[in-house]
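Quick notes on the structure that follows.
The values are calculated or read from the model by the stated rules, or taken from the named source; none is laboratory data. Every value quoted in this text rests on a predicted model; they were computed, and no experiment measured them. Counting neighbours? That spans all protein chains shown, and the Cβs are built from the backbone with ideal geometry, glycine included. Just the protein is used for accessible areas: all its heavy atoms, side chains included, with ligands, DNA and RNA removed. Shrake-Rupley method; radii C 1.70, N 1.55, O 1.52, S 1.80 Å.
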Number of protein chains: 4
Amino acid sequence: MRIGVLTGGGDCPGLNAVIRAVVKTAIRDYGMEVWGIKNGYSGLVEDEIIPLGMESVVGILPRGGTILGTTNRDSPFRYQVVTNGQVAYVDKSKQAMEVIRKRGLDALIIIGGDGSLNIAQKFYDLGINVIGVPKTIDNDISGTDMTFGFDTAMATATEAIDKLHTTAESHHRIMILEVMGRDAGWIAIHSGIAGGADVILIPEIPFTFEKISAKIQERVARGRNFSIVVVAEGAAPMGGGQVTAGVNEGNIFNPVKLGGIGQYVQEKITTCTGQETRVTVLGHLQRGGSPTPFDRLLATRYGSAAVHALARGEQDVMTSLHGQDVITIPLMEGIKQQKQVPPQGELVRTAKALGISFGD
Amino acid sequence: MRIGVLTGGGDCPGLNAVIRAVVKTAIRDYGMEVWGIKNGYSGLVEDEIIPLGMESVVGILPRGGTILGTTNRDSPFRYQVVTNGQVAYVDKSKQAMEVIRKRGLDALIIIGGDGSLNIAQKFYDLGINVIGVPKTIDNDISGTDMTFGFDTAMATATEAIDKLHTTAESHHRIMILEVMGRDAGWIAIHSGIAGGADVILIPEIPFTFEKISAKIQERVARGRNFSIVVVAEGAAPMGGGQVTAGVNEGNIFNPVKLGGIGQYVQEKITTCTGQETRVTVLGHLQRGGSPTPFDRLLATRYGSAAVHALARGEQDVMTSLHGQDVITIPLMEGIKQQKQVPPQGELVRTAKALGISFGD
Amino acid sequence: MRIGVLTGGGDCPGLNAVIRAVVKTAIRDYGMEVWGIKNGYSGLVEDEIIPLGMESVVGILPRGGTILGTTNRDSPFRYQVVTNGQVAYVDKSKQAMEVIRKRGLDALIIIGGDGSLNIAQKFYDLGINVIGVPKTIDNDISGTDMTFGFDTAMATATEAIDKLHTTAESHHRIMILEVMGRDAGWIAIHSGIAGGADVILIPEIPFTFEKISAKIQERVARGRNFSIVVVAEGAAPMGGGQVTAGVNEGNIFNPVKLGGIGQYVQEKITTCTGQETRVTVLGHLQRGGSPTPFDRLLATRYGSAAVHALARGEQDVMTSLHGQDVITIPLMEGIKQQKQVPPQGELVRTAKALGISFGD
Amino acid sequence: MRIGVLTGGGDCPGLNAVIRAVVKTAIRDYGMEVWGIKNGYSGLVEDEIIPLGMESVVGILPRGGTILGTTNRDSPFRYQVVTNGQVAYVDKSKQAMEVIRKRGLDALIIIGGDGSLNIAQKFYDLGINVIGVPKTIDNDISGTDMTFGFDTAMATATEAIDKLHTTAESHHRIMILEVMGRDAGWIAIHSGIAGGADVILIPEIPFTFEKISAKIQERVARGRNFSIVVVAEGAAPMGGGQVTAGVNEGNIFNPVKLGGIGQYVQEKITTCTGQETRVTVLGHLQRGGSPTPFDRLLATRYGSAAVHALARGEQDVMTSLHGQDVITIPLMEGIKQQKQVPPQGELVRTAKALGISFGD
């Protein structure tokens, strides 16, 4: 059997560990041939495909990023073509299927988020078997208990909170950390609890500045004249669509353009509390670096499981962590909905029991 | 309600996070009073008990060890007493129950391994309610999917493997790392896969030096003239009880006294392969340091859950991670057997698919 | 002898190590009494002064921040007073001297940057002996080879570059990291070389976007279609005062308000090269966290040396690293000028020999 | 000009950074050709020499070890030859010079410790120009203020002390850490001060167990019932040559064979104090891993400086850190003596002022 493997969407710690496990398992256990598709789906369209032997994956286990390259915007079904400076979007899926046939690929292993896995499904519908490996540092794919990369991102965010703590305490300041999470607050709540934050703002729970200020004042009253606020980039104030929608009338402040929710929260808290406040946007640091041992292991298990699934003849499935077991589930079932932090769930309850405010 | 909390057995990253969550949840959510029992069960016998208020737990979340102190040998039911240099073991459980009554403790939260939790059960049988929080860096308690401290220990072991890799490769050597795991190979197999080891030796799978040598020779044949061997302290050669039993007749080498299984494996591999071989015993480094964010969160959830369980009126239970949920299960059910690495399970199969040898 | 110690200005990894060394050396070696002045110079004005015994400094060596607290704006000679919402600046130096006399302090150890040390000199002129300990993460104090805190900040910046590398390479992007350094590029050049940056922009060397683009294009030509740019916050384009001066006429972009030089450089490079570009502002993360061993040692040596200097009867000096030795030099000589990166010096030449562009 | 570069002796963090800087500087600045000699001097004898282009050094800056390989025992002047199982030592220097001529190498850059640099001098005497780059994690080369690799080793040792602290404190134990340093105590004293050790034992200061016990008892008297002891592998008790010389008559204990000075100190302290004591031998972990930013920078400066020296026509010199400057000095002057910790110097005095005992 000859399989192709590609990485799609934003980079994520552990991608190389998946690739390595795919290559090693396929060659050692089954004598398959593995080909690497470069730069996400665009490598399928452009026929940028390279053989992956045992030597190709030496030393990549602890390395972040992906040796195959990746892109964020590369659907062959709506492929960006620039002609004389004009941008057009064209269906290149037939060209991609042609490449697949020409290269003799029997199946694809697609390592990606819901965008990349939805495209994978379309290729399956066109007749090529696909196995998905769910990837997102946001941990918001419903079909798996954990995605690889999340533990690393969460650890980076927690380390940042640890660092901000010393400044907050020494300067009696409010330090705000903006972390990733456009639709789900997993990084914010995990790192916020692990780092000992005082306020955690997540997309799942609309907040008010009154509640945030009340928490900060409660701390001041107890002699704790500093606070740590962790805010997911997708968090929003109650009723506050304007925060992500653009300029407020009668208000020169536009959080979207000026620096996102972190800066918005900073300005508002400064106004509400009168305390010195600083914001840090963690940004790309969350995607980078060597994966944690947890992520290296999970990514390795996923990669190996994807090949075993292929060898068993499974079709159109994705790997999934279910409790302590790695299993496979139907691909579309795995990504049909986003996994959000349950606002009444144990995590939020635990956080609240510790005195953490969600601004609600 | 007035509760006592104690930490028993070997220290473990995350103990302070549990204590902090117990104190915060008990005081904030339920207005309970919390008392800390010092130095494991001996504090119960000696009446070394201190009040734990909100201020007591400030800043301890990221710190290793336990602010309460701990000991390894302290059962009140077989308490070590030294009189005129003579050691005797005495049942001091009545004295401990007397202290509990005098202090007005309504329940105990016991953070410990199977030893400490078995003692907890005996106190429950004497009439004091107990809630257990399972603790072991070895991850070998059957009643929970994960114990806190394990992720930190595993990360320390993985980092050590990363470091040994560069020396192994530069010097064309075989580097052996002895990690903890007297009865179960969890640290060895997790860190071994995450660190890219070539050979992993665990108590669950007896090994032979022939198989280990074969693996090393296979690598040399492929131009990889170095290897990394991770060995759990409880691993043993097939039929090889003598390794932990003492001096071999007709053989001056005694692995128990000289440095454990790591050194034994080193000498044997040197003999079998003729290659330069070095051993490192990771030892106490695995118990120390700041807990990983994963462990801080798990420990916090356990501590909070223990108090919620008490508040709900539960008795004689322990907290447990079940999939992604923290639940409670009957205490004795939780610790009735050790959790070992299944020799035919997915983890071992994944490792073997990657080419890792278990010496079997 | 009774000495007061205070920390002034922005927080910095190693402050606690200095305080600890001062306390231990003063008490153990000389039987001095040590008092801690809280929140920088404002503690002198407000008489917030606490005794520091051996117990006060237990466990603080590896901790960031300062147990004494600090502020950025607190000169007793121009002290901010708010009355009925009106801000006024008043000379409170007499009040501070009164506190010093009342408390019976024989000398002050001032741990601070050039701002705090200039104020120290004024107190010396008023008749109280002072010993300065130079502190800045920017490493820009001329009187010492190295300041503590710099190694930690530089390590944090280097780790960030390591993380951005994997994203840059996987996505074929230009990643920009803005680091501290308003007047001197030490963090940028050290971390840039240590992290393998392609372009380093520092205040000492005005840059042009033509030169930066040329470097990026040269890399693309060699198949390296990603680049890492490290920019100190005080870097500026040749002739480009407008970057830090405010809004450009006929241009809605204002780098000062919108996000500093990092964002400005990002927008310009995107325009010049057409490549995807992302910016990360490291900000307060550089000030926080546990000091590196190097900084813990240097800070400890400074603290101990300051007390020895006092005991020897020295006056109006500051501690200084000179080669491998910690010595003392006259205070005003130590801070009379800023130490900048020599544009023709060995560091810049080394960087250029490696192919790093400074945009000049 | 065509230059050869080799790495000799034990591996050390930063070797790859030197190689990279040599290659980049030589090719970019001077159009030289660079050849890599594999596995230390044995590559010169065996003619294992590979071209090093710009591509060879991509991505190696943050990686430990050496891409060229190294060995500890490889002097061409006393080369180990095994014939029919018989080991003989033969002068192969002519063969090596023949290889140098055949390959057309105009000069050698030797990255190594005093052993490798002494051999370098012999090659210079035979007529080939050599430039030395001093390398040792022990920091004991007199001709330079700092060697690269030392900061990383010291950081690893300090991190280990941090980890042992939590166990020591939680269990009221004495924890002993054996670190490298056969002839000089630099790692022990730097990491001991940075990690807050209570006792530091170094080769330069003979110790007695009475003094060590007194220090431990003094701590117990102050309620600090745990202690951290850092011992360099070459430390020895006063008058105690037998510790490193072999078996004591009338004494079954032999520290050399059984586990070195760490275990010896453990047994003795246990006997003297009656307290629970544990030993950890850090061993090879100190040589491995990614170099600290400090070491990456120093190694890069050395590599670049070595090439500049060649280009300037210098002969028989080694690179050296002098204060903040990298300079060159005559090779034999640089290594003529070992640099030891001055027993009356500032570092030892600082440590003693903090209350640290050296057992003297």
Next item on the list: Taking each label point as 7 Å beyond Cα in the direction of the beta carbon, state the distances from residue D:271 to the same residue in the other copies, shortest first, in nm.
Entry: 3.1, 7.5, 7.9
Notebook entry, point to check: Which of B:49, B:93, B:23 sits closest to the plus end of the dipole of region B:18-100, meaning its Cα is farthest towards the positive end, when Lys and Arg get +1 and Asp and Glu get -1 on the C-beta?
Noted result: B:23
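On average over all directions, what projected area in square nanometres does region C:311-351 have, based on the convex hull of its Cα atoms?
The directionally averaged projection comes out at 4.0 nm².
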Next item on the list: Please give the average number of partner chain Cβ atoms lying within 10 Å of the Cβ of each residue in D:156-165, rounded to a whole number.
Entry: 6
Notebook entry, point to check: Which order, highest average first, do A:42-48, C:100-106 follow once you tally other Cβ atoms within 10 Å for each residue and take the mean per peptide?
Noted result: A:42-48, C:100-106
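Under the classification rounded if a/c is under 1.5, otherwise prolate if a/b is larger than b/c and oblate if not, where does region D:1-83 fall, given a ≥ b ≥ c as square roots of the Cα gyration tensor eigenvalues?
Values: a/c = 2.69, a/b = 1.55, b/c = 1.73.
Judged from the Cα gyration tensor, region D:1-83 comes out oblate (a/c at least 1.5, b/c at or above a/b).
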Note to self: Between region B:67-110 and region A:31-60, what is the separation of their alpha carbon centroids in Å?
What the structure shows: 63
Next item on the list: Take the solvent-accessible surface of the protein heavy atoms, probe 1.4 Å, and return the percent of it on the protein assembly as shown that carbon and sulfur atoms account for.
Entry: 49
Item checked: Mean Cβ count within 10 Å, highest first, over the residues of peptides C:289-295, B:132-138, D:181-187 -> B:132-138, C:289-295, D:181-187
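Assuming 1.567 mPa s and 4 °C, estimate D for chain B with Stokes-Einstein, Rh taken as the Kirkwood radius over Cα pairs, in µm²/s. Display every interim value, and only then the final one.
Values: Rh = 21.6 Å.
Taking Rh from Cα pairs, D becomes 60 µm²/s.
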Note to self: Can you tell me how region A:12-159 classifies by the Cα gyration tensor, rounded, prolate or oblate, using a/c under 1.5 as the rounded cut?
What the structure shows: oblate
Notebook entry, point to check: Over region A:50-136, how many percent of alpha carbon pairs lie in each 10 Å bin up to the one with the longest distance?
Noted result: 14, 40, 34, 11, 1
Check: Which value, in Å to one decimal place, does the Kirkwood hydrodynamic radius take for region B:147-190 when every pair of different Cα atoms is included?
Finding: 11.3
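Divide by every residue of chain C the summed helix terms, -39500 (n - 2.57) for each DSSP H run of at least 4, and state the resulting mean residue ellipticity at 222 nm, rounded to the nearest 500 deg cm²/dmol.
Values: 13 runs with 143 residues, N = 360.
That calculation yields -12000 deg cm²/dmol at 222 nm.
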Check: Looking only at other chains, what is the average number of their beta-carbon atoms within 10 angstrom of each beta-carbon in B:352-358?
Finding: 5
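Mind checking region B:282-344 for trypsin sites (Lys or Arg not before Pro) that DSSP puts in a loop (not H, G, I, E or B) and that have at most 14 other Cβ atoms within 10 Å? Mind showing how you got there, number by number?
Working: sites: B:287, B:296, B:301, B:312, B:336, B:339; in loops: B:287, B:312, B:336, B:339.
In loop regions of region B:282-344 (DSSP not H, G, I, E or B), the sparsely surrounded trypsin sites (Lys or Arg not before Pro) are B:312, B:336.
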Note to self: Quick check: pseudo-label points 7 Å beyond the Cα along Cα→Cβ at residue C:54 and residue D:270, how many nm apart are they?
What the structure shows: 2.9
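Applying a 10 Å radius around every beta-carbon, put C:58-71, A:212-225, C:158-171 in order of their mean neighbour count, most first. Spell out each step's value before the answer.
Numbers: C:58-71: 22.1, A:212-225: 16.0, C:158-171: 25.4.
Final packing ranking: C:158-171, C:58-71, A:212-225.
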Item checked: Top of C:83, C:208, C:156 by mean-square fluctuation, Gaussian network on chain C, Cα under 10 Å -> C:83
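Mind checking the dipole of the protein assembly as shown: about its Cα centre, +1 per Lys or Arg Cβ, -1 per Asp or Glu Cβ, Debye to the nearest 20? Walk me through the numbers before you get to the answer.
Working: 136 positive and 148 negative charges, 0 e Å.
Dipole size: approximately 0 debye.
Averaged per residue, what accessible area in Å² does the protein assembly as shown show with a 1.4 Å probe, protein chains only?
Working: 49730 Å² over 1440 residues.
Here the residues of the protein assembly as shown average 35 Å² of exposed surface.
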Notebook entry, point to check: For the protein assembly as shown, what proportion of DSSP beta bridges, expressed in % and rounded to the nearest 5, is antiparallel?
Noted result: 30
Next item on the list: Please identify which residues in region C:110-126 have an amide N closer than 20 Å to a label point set 7 Å out from the Cα of residue C:183, following the Cα→Cβ vector.
Entry: C:110-123
Next item on the list: Would you mind telling me the antiparallel percentage of the DSSP bridges in region C:62-209, rounded to 5?
Entry: 40
Check: residue A:346 label points, 7 Å along Cα→Cβ, one per copy: pairwise distances from this copy to the rest in nm, shortest first?
Finding: 1.9, 5.6, 5.9
Item checked: Principal-axis tilt of helix C:15-30 within chain C, Cα atoms, nearest 10 degrees -> 30
Item checked: Tilt relative to chain B, helix B:114-125 - C-alpha long axis, 0 to 90 degrees, to 10 -> 20
Next item on the list: Calculate the tail of P(r) for region C:268-350: the fraction of all Cα-Cα distances greater than 21 Å, expressed in %.
Entry: 61
Notebook entry, point to check: For chain A, what is the percent of antiparallel DSSP beta bridges, rounded to the nearest 5?
Noted result: 30
Next item on the list: Post the alpha-carbon centroid distance, region B:289-322 to region C:282-360, in whole angstrom.
Entry: 46
Item checked: Estimated inter-spin distance, residue B:91 and residue B:1, nm [label 7 Å along Cα→Cβ] -> 3.0
Check: Remind me, what semi-axes does the protein assembly as shown give for its equivalent ellipsoid, largest first in whole Å, using sqrt of 5 times each Cα gyration tensor eigenvalue?
Finding: 42, 40, 40
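Rounded, prolate or oblate: which fits region C:14-53, taking a ≥ b ≥ c as square roots of the Cα gyration tensor eigenvalues, rounded meaning a/c under 1.5, else prolate when a/b beats b/c? If you can, show how the numbers build up before the last one.
Working: a/c = 3.43, a/b = 1.64, b/c = 2.09.
Oblate.
Rank C:333, C:233 by accessible area, highest first, at a 1.4 Å probe radius? Walk me through the intermediate numbers first.
Values: C:333 95, C:233 50 Å².
Descending accessible area places them as C:333, C:233.
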Item checked: Distance in nm between pseudo-label sites at residue A:83 and residue D:210 (7 Å out along the Cβ direction from Cα) -> 9.6
Margin query: Springs between alpha-carbon pairs under 10 angstrom, Gaussian network model over chain C: which of C:297, C:285, C:108 fluctuates most?
Written below: C:285
Margin query: Which residue in C is nearest the C/D rotation axis when you measure from the C-beta atom, and what is the distance in Å?
Written below: C:323, 2
Check: Roughly what angle does helix D:293-311 make with the longest principal axis of chain D, taking Cα atoms, 0 to 90 degrees, to the nearest 10?
Finding: 30
Check: Shielding of D:270-282 by partners, i.e. mean partner chain Cβ atoms within 10 Å per residue?
Finding: 2
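Which value, in square angstrom to the nearest 100, describes the accessible area buried between chains C and A on both sides, using a 1.4 angstrom probe? Could the numbers behind the result be given before it?
Details: alone 15580 and 15570 Å², together 28470 Å².
Approximately 2700 Å², summed over both chains.
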Item checked: Simple Cβ-charge dipole of region B:19-92, Lys/Arg +1 and Asp/Glu -1, about Cα centre, in debye nearest 20 -> 280
Margin query: P(r) for region D:156-214, please, calculated from all Cα pair distances in 5 Å bins and given in %.
Written below: 4, 18, 27, 24, 19, 6, 1
Notebook entry, point to check: Distances from residue A:222 to the same residue in each other copy, label points 7 Å out along Cα→Cβ, in nm, shortest first?
Noted result: 3.2, 5.6, 5.6
